[in-house]
Amino acid sequence: SQQGEEDPQALSIQEGENATMNCSYKTSINNLQWYRQNSGRGLVHLILIRSNEREKHSGRLRVTLDTSKKSSSLLITASRAADTASYFCATDDTDKLIFGTGTRLQVFP
Amino acid sequence: NAGVTQTPKFQVLKTGQSMTLQCAQDMNHNSMYWYRQDPGMGLRLIYYSASEGTTDKGEVPNGYNVSRLNKREFSLRLESAAPSQTSVYFCASRMGGAGSYEQYFGPGTRLTVT
């Protein structure tokens, strides 16, 4: 079974609003990564947070990690229509990534 | 650099036919991966190769075989295609090693088995 489960499965917001996606996982990890997938395309890496980090920022992205709760969240601030995509968390098991089921984000202009 | 390339982009097979999906990367990465993605689903790992000369099963290996031809190339073979193998197949690669590296994905192969 897949390691990560994202919540919510789908999210619709207006441009300018913030979008928060959550990821829960089952086993211990080296790091957790977030990826973005535009419709019909391959995944693109967004951000990586190591197991000893609690928060990381990259532009409009903020990721948190709580290893005691085995959960992570991805916050996209001031969303744009171009942020419309599916977002996946992935846990790093040393030699492979295990992906979650994804959150489909729709940002309306 | 082309990154990760996959061929073909689209393929339609009849049940029982065989085919090989090709993947190549030009980033000198050690590790390569094959995933499948079904509609509305995340990616499920089929096989991976942590380094040249090694291959390991992922979550859903049944019905597939792989070959790590050299450091650049990692192929996925369907010996006898089944409708349940209709999916989008993604190849990915990363530097590997300590496990703190991002993966780079190819554009995908859309396979339909009738």
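The values are calculated or read from the model by the stated rules, or taken from the named source; none is laboratory data. Please read all numbers here as calculations on a predicted model, not as lab measurements. Cβ coordinates were reconstructed from backbone atoms using ideal geometry, including for glycine residues, and neighbour counts include every protein chain displayed. Quick note on the areas: whole protein, heavy atoms, side chains included, nothing else; ligands and nucleic acids left out. Shrake-Rupley method; radii C 1.70, N 1.55, O 1.52, S 1.80 Å.
Out of the residues in the stretch B:26-42 that are over 13 Å from residue B:103 (Cα atoms), open to solvent by less than 50 Å² (accessible area, probe 1.4 Å) and more than 9 Å from chain A (Cβ to nearest Cβ), state the one that is modelled with the highest pLDDT.
Ranking the qualifying residues of the stretch B:26-42, first place goes to B:36.
Any chance you could count how many residues in the stretch A:63-106 are within 14 Å of chain B (Cβ to nearest Cβ), without any contact (Cβ under 8 Å) to a residue 60 or more places away in the chain and either farther than 17 Å from residue A:7 by Cα or touching a His at 6+ places or on another chain (Cβ under 9 Å) (or both)?
Of the residues in the stretch A:63-106, 3 are within 14 Å of chain B (Cβ to nearest Cβ), without any contact (Cβ under 8 Å) to a residue 60 or more places away in the chain and either farther than 17 Å from residue A:7 by Cα or touching a His at 6+ places or on another chain (Cβ under 9 Å) (or both).
Does residue B:23 satisfy being more than 11 Å from chain A (Cβ to nearest Cβ), within 23 Å of residue A:92 (Cα to Cα), within 12 Å of the chain's Cα centre (by Cα) and part of a strand (DSSP E or B)?
yes
Of all the strands (runs of 3 or more DSSP E) wholly in the stretch A:24-63, which have at least 3 residues that are open to solvent by 40 Å² or more (accessible area, probe 1.4 Å) and over 22 Å from residue B:39 (Cα atoms)?
Answer list for the stretch A:24-63: A:55-58.
Can you tell me which residue in the stretch B:82-104 is surrounded by the fewest Cβ atoms within 10 Å (Cβ to Cβ), limited to those that are under 28 Å from residue A:38 (Cβ atoms) and aliphatic (A, V, I, L, M)?
By that ranking, first place goes to B:95.
Quick one: is residue B:57 over 27 Å from residue A:4 (Cα atoms), open to solvent by 60 Å² or more (accessible area, probe 1.4 Å), within 11 Å of chain A (Cβ to nearest Cβ) and not hydroxyl-bearing (Ser, Thr, Tyr)?
For residue B:57, the condition - over 27 Å from residue A:4 (Cα atoms), open to solvent by 60 Å² or more (accessible area, probe 1.4 Å), within 11 Å of chain A (Cβ to nearest Cβ) and not hydroxyl-bearing (Ser, Thr, Tyr) - is not met.
Restricting to the stretch B:96-114, and then to whatever is at the interface with chain A (Cβ under 9 Å from one of its Cβ atoms) and either of a type outside the set (Gly, Ala, Ser) or in a strand (DSSP E or B) (or both), can you tell me which residue is farthest from residue B:48 (Cα to Cα)?
B:110
Could you grab me the full set of residues in the stretch A:64-97 that are part of a loop (DSSP other than H, G, I, E, B), among the small types (Gly, Ala, Ser) and open to solvent by 40 Å² or more (accessible area, probe 1.4 Å)?
Within the stretch A:64-97, A:68, A:78 qualify.
Among the residues of the stretch B:43-50, is there at least one that is at pLDDT 95 or above, β-branched (Val, Ile, Thr), out of contact with any helix residue (DSSP H, G or I) (no Cβ under 7 Å at 6 or more places or on another chain) and farther than 20 Å from residue A:42 by Cα?
no
Does the stretch B:80-102 include one or more residues that are modelled with pLDDT of 95 or more, within 30 Å of residue A:53 (Cα to Cα) and of a type outside the set (Gly, Ala, Ser)?
There is at least one residue in the stretch B:80-102 that is modelled with pLDDT of 95 or more, within 30 Å of residue A:53 (Cα to Cα) and of a type outside the set (Gly, Ala, Ser).
For the stretch B:56-95, list the strands (runs of 3 or more DSSP E) that sit wholly inside it and hold at least 3 residues that are small (Gly, Ala, Ser); which are they?
Where strands (runs of 3 or more DSSP E) fall fully within the stretch B:56-95 and carry at least 3 residues being small (Gly, Ala, Ser), they are B:87-94.
Against the conditions (1) surrounded by 19 or more Cβ atoms within 10 Å (Cβ to Cβ); (2) under 21 Å from residue B:107 (Cα atoms), where does residue B:22 fall short? Just the number, please.
The single condition residue B:22 does not satisfy is (1).
Table: residues versus (1) in contact with a strand residue (DSSP E or B) (Cβ under 8 Å, 6 or more places away or on another chain); (2) on the phi < 0 side of the Ramachandran plot; (3) modelled with pLDDT under 95.
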| position | (1), (2), (3) |
| --- | --- |
| A:15 | yes, yes, no |
| A:29 | yes, yes, yes |
| A:35 | yes, yes, no |
| A:40 | no, no, yes |
| A:50 | yes, yes, yes |
| A:54 | yes, yes, no |
| A:66 | yes, yes, no |
